[in-house]
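Bear in mind these aren't lab numbers, they're just calculated from the coordinates by the rules spelled out. Quantities reported herein were computed from a predicted structural model and do not represent experimental measurements. Every residue, glycine among them, receives a Cβ derived from its backbone with ideal geometry; neighbour counts consider all protein chains shown.
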Amino acid sequence: MHPAYDTFTATDFLLDDAFVDHQLVPTPQSTAFWADWLETYPQGQTTWYQAVTLMRAIEQGLYGYAQTQLSEETVRQLLGRIQQTNARHKPAPVVRPLHRVWWLAAASLVLVSGIGLWLYKQPVPVYEQQRAALNESVREYTNDTRTGKRVGLPDGSVVVLAPESRVSYAHPFGQKNRTVYLSGEATFAVTKNAARPFLVYANEIVTKVLGTRFIVRAFAGEDSVQVQVQSGQVAVYHDQPALMANKQQGVMLLPNQQVVFNRQSDQFTKQIVALPQIVVRPASHERVTTPSFIYTDTPIPQVIQELELAYGIDIRYDKEALANCQLTSSMVNEPFANKLRIVCATVGATFDRIDGQIIINGGSCQ
Amino acid sequence: MNEQQLWQAFQKGDEGAYTQLYQLHIKAMYRYGMSLVAASESFVLDCIHDVFTELWAKRDRLSAPDNVRYYLLKALKNRIMHLLERKERPLTPLQETDYDTLWEEPDADLIEALEIATNQQQRLQRLITQLPPRQQEALKLRFVENMNYDQIGAILAVNQQSAKNLVFRAVEKLRSLLISFSVIFQLIFWV
């Protein structure tokens, strides 16, 4: 049983969960409920609409807060810092962590002993081996700072090194292939040159590109290698000299896709990147403009199609079940995952990321 | 995977799930942290770093939260407050009632600020900044982060009813300001 909404003031509505939830994330059920109530109690309509106006005013006033900007660069760097701290604090399996009164102090103790054990057991990292094998003179760039470091390559490509990362290449660069060796993490923006493929060797993985933007992450102490594509295409394969001549078994990555290579199991896992970005396409013969992502009674199949086009990610769903469903929402500036959530909430569905695609499960409309 | 599954995977040591949780909530944590301590971005980022590394270190001892965002915002606030208290005595949080008398009548400064503002959104934003900080925080948690009153109470260290009262006072105050300035705001309101 719901409260006596017909006696509510506008403020009362704004303190009511059913009212506020419907304004923030409408569902078919909540929409039906309020439409029903408004019909049954026409005398309450004025107050109800005043509450809506008041709510919209509050949302508008909080818009600046809601839209607080945080650059992708900062997000990435912070994540790098977090992962490094985690890697350093990896405890040996048997040791119980000390009971911490002030956890920072205890953590630094674990840090010192942890590194000692780790260095003792680790074989020579792949990066060192590859670099030592280069006969010609070598150019190497190291990033010891806490922010990204930009390195320009002789062919005009740009490498941005994450903290605690290094890249090296033979000099002169790019006679046949443009080959670089990476330890750590870097973002690459590679100039197009079909005649000279750009190859990134990182741990056991080789990433081959013609011209594109992508990120490779391969730290010696981590047990996986990750490659993430922002634009263009890359081919990623396992660096095994015996097989390379015949066929390269690898993975093709498109924008917003990434692959994780497990160094223990030698397995590739293809995924959608954590934060898909709207793909910028070079000028093509068809006019492609980014959709506004503001919808009013828009058929869901159309919404899904616009999402697919904008992000370059395949979305599979039950076309029959959702053909007549509609969506009213403003998704501007929402991350990709939230856009999907809004669509799913509208029809009561869920979604999964599988093998570089989105699968929408279930859902129906009234 | 939904968030519950992501959380369980992360607890088992899945770094990909851990990273996804980070990506899903980092912007919300950043804006919330900055709203608490506007002065220092690097301090807020440090605190977020501390929350996530602590999470990873303790992952097999955590319980699964009903609402991950609430859990993370609360952890972030705790960390910020903990570090601030060590550095300096912060403004001791006053009882909510102390503030109300200071905001009785709209003052000349506010009128001027409203007239200078170039659009409706700025005007509304200015009205909200008129409110006591804890009322503003309660509004953000309810209307932007979509938390329930139990969660808001936990973050603000009050009970559920007090959390509701904060929002109630904020909404009532805004309503009366909008009526007072109805000519400027041109919203359709009652008498």
Q) Distance in nm between label sites at A:ASN262 and A:THR40, each 7 Å beyond Cα in the beta-carbon direction? A) 5.4
(Q) Among the listed pairs B:LYS27/B:LYS164; A:LYS339/B:LYS140; B:LYS140/B:LYS173; B:LYS27/B:LYS140, which have their C-alpha atoms separated by more than 19 angstrom in this model? (A) B:LYS27/B:LYS164; A:LYS339/B:LYS140
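What ranking of A:SER330, A:SER71 emerges when the number of other C-beta atoms within 10 Å of each C-beta is taken as an exposure proxy, fewest first? Mind dumping the intermediate values first?
Numbers: A:SER330 12, A:SER71 8.
Ascending Cβ contact count within 10 Å gives the list A:SER71, A:SER330.
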Q) Using 0.36 nm per residue, how much length does the chain from A:ASN338 to A:ASN177 gain when fully extended, once their Cα-Cα distance is taken away? A) 53.8 nm
(Q) Please enumerate, by chain and number, the aspartates and glutamates with C-alpha under 14 Å from the C-alpha of A:LYS176, excluding those fewer than 8 residues away in the same chain. (A) A:ASP155
Q.
If I model a spin label at B:THR118 and A:ILE278 as a point 7 Å from the Cα along the Cα→Cβ vector, what separation in nanometres do I get?
A. 2.2
Q | Anisotropy class of the range A:125-175 from Cα gyration tensor, a/c 1.5 cut | A | oblate
Q.
Counting C-alpha atoms alone, how compact is the range A:315-366: give Rg to one decimal and Dmax as a whole number, in angstrom.
A. 10.9, 32
Q) Under 14 Å Cα-Cα from A:LYS208, which aspartates and glutamates qualify once same-chain neighbours fewer than 8 residues away are excluded? A) A:ASP239
Q. What order do you get for B:ILE128, A:ILE215, B:ILE179 when you list them from fewest to most C-beta neighbours inside 10 Å?
A. B:ILE179, A:ILE215, B:ILE128
Q) Using the 10 angstrom Cβ neighbour count as an exposure proxy, how do B:HIS25, B:HIS82, A:HIS89 rank, fewest first? A) B:HIS82, A:HIS89, B:HIS25
Q | Rough spin-label spacing in nm, given labels placed 7 Å along Cα→Cβ, for A:MET252 and B:LEU62 | A | 3.8
Q: Sketch the reach of a paramagnetic label on A:GLU140 as a point 7 Å from Cα along Cα-to-Cβ, and name the residues of the range A:178-195 whose backbone nitrogen lies under 18 Å away.
A: A:179-186
